[in-house]
Amino acid sequence: MEKQDRLSVFISLVLRHDPGAAGIRVDEHGWADVEELIRGIRGTGRMIDRGILEEIVATDKKQRYSFNADKTLIRANQGHSIPVDVELKQEKPPELLYHGTAERFLDSIRREGLKPMSRLYVHLSRDIQTAEAVGKRHGKPAILKVHSGKMHQDGYPFYLSENGVWLTKKVGTEYFDIETGK
Ligand code: HQG
């Protein structure tokens, strides 16, 4: 992994899951003070400055982070396990969305539906390729086709994060088909 990618993984950890790992706090909307974050990361022995941070935010392949308007604050766009309100936009989803998982989770998912597990939301994507890449992180991938249009009609809210990830609280067993995977 490139040095900047490793730093980005650490920044994800801090902003989404464990601000204490850099000795900082985030506010109720997930914002961290940029100066504090830089100081905190340096305190862990990692080399970072504002220029490097700005480059990571600008070049991150999944556009995971946003600055506020005057670039004094930074937050992750989605993916949190800590309870923050990143002011997600509620939107009407497309008819179908996809979720990538691992085959070994399918029995449990068939029984319980899709749950957010350690995160605040279930993560869904518009295209199968993204779902496949997400699934592969966990093992042999399996793809679920989610009937998001039907869920929306039935009153379940969907949100679209700043970086284009669709999020919903849970997906009941009646709302998905297993597209690939045993
Ligand atoms: C599975 C990455 C058993 C679920 C990715 C998933 C994504 C169940 C795993 C983002 C279950 C949780 C999120 C049930 C769900 N029983 N397993 N009832 N319900 N699961 O990592 O969606 O690189 O928390 O299928 O690209 O894999 O971090 O969620 O396999 O966008 O920016 O439990 O994280 O982005 O795993 O990934 P995760 P995810 P970043």
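Only the coordinates and a few stated rules stand behind these numbers; no lab work does. Just so it is clear, the structure is predicted and the values come from calculations on it, not from any experiment. For neighbour counting, all protein chains shown are included, and Cβ atoms are generated from backbone atoms with ideal geometry for every residue, glycine included.
Quick notes on this one:
- Pairs spanning more than 29 Å between alpha-carbon atoms, out of 3/115; 3/71; 62/140; 61/89: 3/115.
- For segment 155-175 and segment 1-36, distance of Cα centres in Å: 25 Å
- Here's the picture: a label point sits 7 Å out from the Cα of residue 67 along the beta-carbon direction, and within segment 17-37 the residues with their amide nitrogen under 20 Å of it are 25-27, 29-37.
- Radius ratio Rg over Rh of the chain, counting only Cα atoms, Kirkwood formula for Rh: 1.00
- Least to most buried among 99, 138 (fewest other Cβ within 10 Å first): 138, 99
- For the chain, the longest principal axis of the Cα atoms and the long axis of helix 34-43 meet at an angle of about 80 degrees.
- Helix-only mean residue ellipticity at 222 nm for the chain, each DSSP H run of n ≥ 4 adding -39500 (n - 2.57), per residue, nearest 500: -8000 deg cm²/dmol
- Each label was represented as a point 7 Å from its Cα along the Cα-to-Cβ direction; for residue 13 and residue 58 these points are 2.7 nm apart.
- Residue exposure sequence - 108, 118, 12, 148 - by fewest surrounding Cβ within 10 Å: 118, 108, 12, 148
- With both labels modelled 7 Å from their Cα along Cα-to-Cβ, the residue 128 to residue 111 distance reads 2.9 nm.
- Near residue 102, once Lys and Arg are set to +1 and Asp and Glu to -1 for all other residues with Cβ below 9 Å from its Cβ, the sum equals +3.
- Cβ-defined net charge surrounding residue 4, 15 Å radius [Lys, Arg +1; Asp, Glu -1]: +1
- Relative exposure of 25, 46, judged by other C-beta atoms within 10 Å (fewest first): 25, 46
- Gyration tensor (alpha-carbon) shape descriptor, segment 3-76, a/c threshold 1.5: rounded
- Calculated FRET efficiency for the pair residue 118/residue 178, C-beta based, R₀ 22 Å, to 0.05: 0.45
- Longest site-free stretch - the chain; sites: GluC sites (Glu not before Pro), DSSP loop, at most 13 other Cβ within 10 Å: 96-182
- Label point 7 Å beyond Cα of residue 33 along Cβ direction - residues of segment 40-56 with amide nitrogen under 13 Å: 40
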